[in-house]
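Worksheet: one structure, shown below.
The values are calculated or read from the model by the stated rules, or taken from the named source; none is laboratory data. Just so it is clear, the structure is predicted and the values come from calculations on it, not from any experiment. Because the Cβ atoms are built from the backbone with ideal geometry, glycine has one as well, and the counts that use them run over all protein chains shown.
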Amino acid sequence: MEQPPVTGNPEPRRYGRGLFLATVVGGASSLFWGKAAWDRVAGVVSPVAADLAPILPTKGWRIYTVAGRMPVFDPATWRLALGGLVEQPVSLTYDQLRSLPRAEQVSTFHCVTGWTVKDVHWAGVRMHDVLSLARPQQSAHALRFVSMEQPYVDYLTLDQARLADVMLAYEMDGKPLAREHGAPLRLVIPEMYGYKNVKWLGAIELVSQAESGYWEQRGYDSNAWVGRSNGYGT
Amino acid sequence: MKRFSRVERLLHWLNALGFFALLATGLVLYLPSLSVLVSRRQLVQSLHFWIGVAWLAALAAVLLLGGRRLLATARELEAFDRDDLRWLRGGKAPQGRFNAGQKVNAALTAAFTVLFGVSGLLLWFGEQDTRVRFASTVILHDGLMYVSLVLVAGHLYLALVHPATRHALRGMTLGDVSTEWAARHHAKWKPQ
């Protein structure tokens, strides 16, 4: 547009176009450095962030669900069923589960979509202490984790499930697992992306081999190692 | 006197409508407390995506429809003269139809629209295809949301609350502003 000349004012410059382009290019390039930068900033911010919890309402978590409604935990009716290729099928009440040896760990939770929550404090039971109640048969080589959120299931091989920091967690950050985090019990396997960490556990079945879980049927890797699967680090 | 044409106002209000619809559905996906309340993530996710697509398509349609007149507005918005730079540094300087702050806001808003669109599409298609999956997409999309909230909060304050500037709302709703207000805030503005 022709601007009427203003005395003492040279031709205006198109800084607006420059700002627009710089913002678009800068923002788009952050696809390649944003996470690294954010992880560094978050390391500095997180001690302060504890005091600013109302301002950072998510604490880094995002809640992903696949069904129309989140499962509701009822202590009176909830059971953890251990079945499949076992010598002794077992059904544990919540209290029975809580009376098993308690384990605690602090580990980092990685989601395949790119977000990470550092230093999550989990408490729960180790896989070994649960499996020994049911005694897997020789032919059992994998575990099928069945969520109360149907039709969510996922699998681990027995070797994967025996990694030292795999846990069936009933507490997170000092409180009983919240509904959105999978109350009353979820699988925690920090070495793998979140979709393997099945929430709202209702049953664990021993099977002869691992099959494809919910997201694996939709193209995600079965062996969801953090940083070494799903297109990352390959 | 006339400040905003019909097509300029249409573009503004479509953008506002789309922004708040996306903010509402996006927050349900983002905030754990809201996702517990609403629960139907798959439905909200589809809504969010398709509102986003409709929003970008509507904006593109208005840009095409507005043609040369909107192009002239864009030229006006991108041009910064010495007075604008002085104004940005906090000095008193006469302003045109848009003050320098509005010009900065316009450039950022346009850039954010592009970036929201790109990162949103990457999130949607990245769920199915590792080739378009980046670890930082979600950080970009969220970061844009946080910065946009700050910009929108400032914008709403100036448009609705601040006594000296809130008269401008009339320009964006009815199209015109008082000559006396225009002379005070936009001294260099000479309507065609």
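Annotations for the structure displayed:
- Of all residues in segment A:133-159, those satisfying the criterion of being touching a residue at least 60 places away in the same chain (Cβ under 8 Å), of a type in the set (S, T, N, Q) and closer than 20 Å to A:G202 by Cα are A:S147, A:Q150.
- Taking segment A:94-112 as the range and being surrounded by 13 or more Cβ atoms within 10 Å (Cβ to Cβ) and free of Cβ contacts under 8 Å to residues at least 40 places away in the same chain as the test, the residues that pass are A:Q96, A:L100, A:R102.
- Qualifying residue in segment A:174-186 (condition: among the small types (G, A, S), surrounded by fewer than 19 Cβ atoms within 10 Å (Cβ to Cβ) and away from chain B (no Cβ under 14 Å)): yes
- Qualifying residues in segment A:10-43 (those that are among the polar types (S, T, N, Q) and within 7 Å of another protein chain (Cβ to nearest Cβ)) - the one surrounded by the most Cβ atoms within 10 Å (Cβ to Cβ): A:S30
- Identification of helices (runs of 4 or more DSSP H) wholly contained in segment B:1-109 with 1 or more residues that are at pLDDT 95 or above, hydrophobic (A, V, I, L, M, F, W, C) and within 19 Å of the chain's Cα centre (by Cα) yields B:6-30, B:41-78.
- Residue check for B:A100: of a type in the set (A, V, I, L, M) and in contact with an Asp or Glu (Cβ under 7 Å, 6 or more places away or on another chain): yes
- Selection from segment B:75-95 of residues that are out of contact with any helix residue (DSSP H, G or I) (no Cβ under 7 Å at 6 or more places or on another chain) and farther than 22 Å from A:T23 by Cβ: B:R82, B:D83, B:R86, B:G90, B:G91, B:K92
Residues are listed down the side, and each one gets a yes or a no for (1) outside any loop (DSSP other than H, G, I, E, B); (2) on the phi < 0 side of the Ramachandran plot; (3) of a type outside the set (S, T, Y):
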| position | (1), (2), (3) |
| --- | --- |
| B:L115 | yes, yes, yes |
| B:S119 | yes, yes, no |
| B:L122 | yes, yes, yes |
| B:F134 | no, yes, yes |
| B:G154 | yes, yes, yes |
| B:Y157 | yes, yes, no |
| B:R166 | no, yes, yes |
| B:L169 | yes, yes, yes |
| B:W181 | yes, yes, yes |
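- Test for A:A203: is it modelled with pLDDT of 95 or more, crowded, with 23+ Cβ neighbours inside 10 Å and farther than 21 Å from A:Y232 by Cβ: no
- Hits in segment B:137-154 - residues which are β-branched (V, I, T), under 17 Å from B:G117 (Cα atoms) and surrounded by fewer than 16 Cβ atoms within 10 Å (Cβ to Cβ): B:V147
- Any chance B:T130 is over 22 Å from B:G26 (Cβ atoms), facing chain A (nearest Cβ under 7 Å) and over 20 Å from the mean Cα position of the chain (by Cα): yes
- Close Cβ contacts (under 8 Å, 6 or more residues apart or on different chains) running from residues in segment B:133-149 that are within 13 Å of A:S29 (Cβ to Cβ) to residues that are basic (K, R) and in a helix (DSSP H, G or I) comprise B:S136/A:K35; B:I139/A:K35.
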